[in-house]
1. Could you give the nm distance between label points at GLU181 and SER137, where each point is 7 Å from its Cα heading toward the beta carbon?
2. Where does region 240-296 land on the Kirkwood hydrodynamic radius, alpha-carbon pairs, in angstrom?
3. Counting only protein heavy atoms and a 1.4 Å probe, tell me what percentage of region 103-175's accessible area is made up of carbon and sulfur.
4. Only helical DSSP H runs with n ≥ 4 go in: add -39500 (n - 2.57) per run for the chain, normalise by residue count and round the 222 nm mean residue ellipticity to 500 deg cm²/dmol.
5. Between ALA283 and SER255, what's the calculated FRET efficiency when r is the beta-carbon distance and R0 is 22 Å? Round to 0.05.
6. With all pairs of different alpha carbon atoms counted, what Kirkwood hydrodynamic radius in Å does region 98-229 show?
7. Roll a 1.4 angstrom probe over the protein heavy atoms and tell me the percent of accessible area of region 177-282 that is carbon or sulfur.
8. With point charges of +1 on the Cβ of Lys and Arg and -1 on the Cβ of Asp and Glu, referenced to the Cα centre of region 193-296, which listed residue (ASN208, GLN218, LEU233) lies farthest in the positive direction of the dipole?
Amino acid sequence: MKSMKRIISSVLIWGVCLTPLTVPLMVQPTWAQSPSTQSQELQRLTDLARQQGEQGKPKQAIETWQQVLAISRPLKFRWFESSALNGIGFNYNRMGQSQEALKYLNQALPIMRELLGNDQGVAATLNNMGEAYRSLSMPQEALKYLNQSLQIVRKVGDRAGESTTLNNIALVYNNMEQPQEALKYFNQSLPMAREVGDRSGEATTLNNIGEVYRSISQPQEALKYYNQALPILREVGDRSMEGTTLNNIGVVYYSISQPQEALKYYNQALAIAREIGDRTLEATILENIKAINNSK
């Protein structure tokens, strides 16, 4: 039975990274004094790209961020440009295209650093870079960027950002097969997400904790956390993560010799994967269903 560990890694990028969604949009004072058609259109597209990211539609989000980039660069609207580069990189991360993500994130970072008062933007980009390196199985490089991000968010008192970064550090330790170290960081992250009302971050962390317990053969503990994550994901409308969680619950039921219960969750997950066009998730679920049918 194919575990969803790899799928979780690609999906959780959105749930835990400090993306442009968490960074307040800063505009130059002259724009506020003389709002232009271009700046209004950039704001509209930025809002749309964020919404598409929240809805688990990374391909559409990338297309929209590319429009932001095409408009902002000739106008030298550096904030919009850096946000677009970070947004594109973030969504490529989510799609599992980490090398492509780094191409954009490496362009975003120096612009983020040149914008005064933009520590959170720098932290966001460093965090997304850390996630890309984690996906590329370069854990030490990932920890280097994530720890830089953690220092910044702690310095500025960004509790939401700190929760996010702790979660991403935990993911690295989980990839390094250090589950107890991963749980230590996840358990620091979870109360912070709740404290700041970050429902998506809370659900993601619950899902991650469930995955760790699944990986160390504690199925009932895993189900406890997955079942806490599921209603929150439905509440916030993250269909991609909902599909992932349903599949993960199916994996647990299969592991405890309840194949019919597993199929119930796989079929729900499959419908969502097809609805949102996530071919990787769909392929994984179909493989899991095939494993059940072959075992009959």
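1. With each label placed 7 Å out from Cα toward Cβ, I get 1.8 nm.
2. Hydrodynamic radius (Kirkwood, Cα pairs) of region 240-296 is 10.8 Å.
3. Within region 103-175, the accessible surface is 48 percent carbon and sulfur.
4. Computed ellipticity for the chain at 222 nm equals -27000 deg cm²/dmol.
5. Calculated transfer efficiency: 0.65.
6. This gives a value of 15.0 Å.
7. On region 177-282, the fraction of accessible area on carbon and sulfur atoms equals 44 percent.
8. GLN218
The values are calculated or read from the model by the stated rules, or taken from the named source; none is laboratory data. Because the structure is a prediction, the values reported are computed rather than measured. Don't worry about glycine lacking a Cβ; one is built from the backbone with ideal geometry, like all the others, and counts go over all protein chains shown. Side chains included, ligands, DNA and RNA excluded: accessible areas come from the protein's heavy atoms. Shrake-Rupley method; radii C 1.70, N 1.55, O 1.52, S 1.80 Å.
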